[in-house]
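*Asks:* Please read through the structure below; I'll follow up with questions.
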Amino acid sequence: MHIISLGVVLQLYLYETLPEIIYRYFRLFPAFRYSPAPDEANYIIGSAVMIFSSAAASLITGAFIILCMKKFAPKPAGAAKSVGGEPISFKFNLPKNFFALLAVGLCIVQISVFLYIAFNQGLYSVFGIESNLSSDNYFPQTAAGITVFFMSAVVTPSIFEEFIFRYVMLNHLKKYGNAFAIITTSVLFGFAHARVSAFIYATAVGLFSAYIAIKTKSVWFPIILHAVVNGMVFVFQYLSSRLLLEAAITDIIHFTYLSFISAVSFVYLLVLIIKRKNTGLAEPGKHIYISNGRKLLLFFNAASLLFFILTILKSAEEYVF
C-alpha cells in the first residue's frame, strides 16, 4: 500500500510538472511561440502536450509501482502466484447487460453532480464560502483542433487513468481483499482529480468501475464508461460552442438524456432485485488477511496523507474564502 501511495504522489507530481518542462524545452527554439491564450494553434499545442504528459505520467507511475511491487512487496510464505485471485487484464470482456450497466454508470455521475451542487449550496449558506470554479469556454474551431482536443479530453484519460487505477493498483491491492482494493483505488482516483467538482463523481464511478472490473476480470468496461462520461461532456461543450441549438432546446435534450438513463438504471436495478441476482463479490480463495485496523493504518500512511493534503490544497482554489 505504501508503494501505491507513493505512486499516486509521483503521478500527481509528473502531471503538474511535465507540461511546464515541455514548454520550457520548446522555448529554446525561436520558432516556438506558445502561449495559453485562446488561439487555435496554441490550443492544439496545449492539448497535444497534455496528451503526452498524461500518457507519460501514467506509464512512468505504472512502471514504478510494478517494479517496486516485484522487489519490495511482502508475499505470504509459501503462497502461490494466484494470491488475490484471477487478475484483471486487458482481455476484451464486457459484462452481460452492458448497455444497462453503462446507463447505471452515467446515472451515478449525474447523481454525484447533484450532490456536488448541494454541497456547494451548503458551504455557501452555512459558511459563506462560494464556488469560484471557472472553465475555459474556448472550443477548437478546426478539424485538427477538435480531434486533438477529443484525444486529450476523452481518449487519453480513459485509457491511461484506467490503466493506473483499475489495472495496476486494483490488481496489486486485491490480495488484501476485494472491498479494500475497490474502496482504496476509488478514493485515490477521486482525490487524483484534485477538484471538488470531480471528486464526488470520480470516486462514485471508481467504485462502480472497480466492481465491474473484478466481476469481468477485464479493464474494458471501466475504459468505455470513462470514455462515454468524458464524451458526453465533450458533446455538450461542442453544442454550446457552436450555438447549434437554443439554450432552451439544449436544456430539453439534457433533461431527456437524464430521464432516459435514470429510467434504464431504475428498471435494470429493479429486475436485479426481483430476480434476486447474486451481485456480491466472492473474496479470492488465496489472499492476505489483515484486520480492519491494519487496513486503516495501511490506507492512511505518510505518502497517502501527503497526497490528500496536496490535492485538498489544490482543490481549495475552486472556492472564495
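The values are calculated or read from the model by the stated rules, or taken from the named source; none is laboratory data. Note that this is a predicted model, so its numbers are computed, not measured. Cβ: placed from backbone, ideal geometry, glycine included. Neighbour counts: every protein chain shown.
*Asks:* Hey, any hits in the range 144-155 for a residue that's more than 17 Å from Gly105 (Cβ to Cβ), aromatic (Phe, Trp, Tyr) and surrounded by fewer than 22 Cβ atoms within 10 Å (Cβ to Cβ)?
*Replies:* Checked the range 144-155: at least one residue is more than 17 Å from Gly105 (Cβ to Cβ), aromatic (Phe, Trp, Tyr) and surrounded by fewer than 22 Cβ atoms within 10 Å (Cβ to Cβ).
*Asks:* Moving to a separate point now. Within the range 20-45, how many residues turn out to be in a loop (DSSP other than H, G, I, E, B) and either at pLDDT below 60 or of a type in the set (Ser, Thr, Tyr) (or both)?
*Replies:* Final tally of qualifying residues: 11.
*Asks:* Also, quick follow-up: Residue check: is Ala227 within 21 Å of Pro95 (Cβ to Cβ) and of a type outside the set (Lys, Arg)? Spell out the reasoning first.
*Replies:* On the way: within 21 Å of Pro95 (Cβ to Cβ): yes; of a type outside the set (Lys, Arg): yes.
Against the criterion (within 21 Å of Pro95 (Cβ to Cβ) and of a type outside the set (Lys, Arg)), Ala227 qualifies.
The rows are residues; the columns are (1) at pLDDT 75 or above; (2) part of a helix (DSSP H, G or I); (3) in contact with a Phe, Trp or Tyr (Cβ under 8 Å, 6 or more places away or on another chain).
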position: Phe236; (1), (2), (3): yes, yes, no
position: Ile249; (1), (2), (3): no, yes, no
position: His254; (1), (2), (3): no, yes, yes
position: Thr279; (1), (2), (3): no, no, no
position: Lys286; (1), (2), (3): no, no, no
position: Phe308; (1), (2), (3): yes, yes, yes
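*Asks:* Same structure, new question: Could you please let me know if Phe149 is aromatic (Phe, Trp, Tyr), assigned to a helix (DSSP H, G or I) and either at pLDDT 95 or above or out of contact with any Phe, Trp or Tyr (no Cβ under 6 Å at 6 or more places or on another chain) (or both)?
*Replies:* Working: aromatic (Phe, Trp, Tyr): yes; assigned to a helix (DSSP H, G or I): yes; either at pLDDT 95 or above or out of contact with any Phe, Trp or Tyr (no Cβ under 6 Å at 6 or more places or on another chain) (or both): yes.
So Phe149 passes the test.
*Asks:* Which ones in the range 310-321 are in a helix (DSSP H, G or I), at pLDDT below 85 and surrounded by 15 or more Cβ atoms within 10 Å (Cβ to Cβ)?
*Replies:* Selection gives Glu318 alone.
*Asks:* Sticking with this one: Among the numbered criteria (1) at pLDDT below 80; (2) exposed (fewer than 14 other Cβ atoms within 10 Å of the Cβ), which one does Ala73 miss?
*Replies:* The single condition Ala73 does not satisfy is (2).
*Asks:* Considering only the range 115-128, I want to know if a residue exists there that is buried (at least 21 other Cβ atoms within 10 Å of the Cβ) and either part of a helix (DSSP H, G or I) or out of contact with any His (no Cβ under 9 Å at 6 or more places or on another chain) (or both).
*Replies:* So far as the range 115-128 goes, no, none of its residues is buried (at least 21 other Cβ atoms within 10 Å of the Cβ) and either part of a helix (DSSP H, G or I) or out of contact with any His (no Cβ under 9 Å at 6 or more places or on another chain) (or both).
*Asks:* Check the range 213-233 and report whether any residue there is assigned to a helix (DSSP H, G or I), in contact with an Asp or Glu (Cβ under 8 Å, 6 or more places away or on another chain) and among the aliphatic types (A, V, I, L, M).
*Replies:* Yes, the range 213-233 contains a residue that is assigned to a helix (DSSP H, G or I), in contact with an Asp or Glu (Cβ under 8 Å, 6 or more places away or on another chain) and among the aliphatic types (A, V, I, L, M).
*Asks:* If a residue has to be surrounded by fewer than 14 Cβ atoms within 10 Å (Cβ to Cβ), modelled with pLDDT of 80 or more and more than 18 Å from Tyr238 (Cα to Cα) to count, how many in the range 129-141 make the cut?
*Replies:* The total comes to 1.
*Asks:* Further question: Kindly indicate whether Phe300 is surrounded by 11 or more Cβ atoms within 10 Å (Cβ to Cβ), modelled with pLDDT of 85 or more and of a type outside the set (D, E, K, R).
*Replies:* yes
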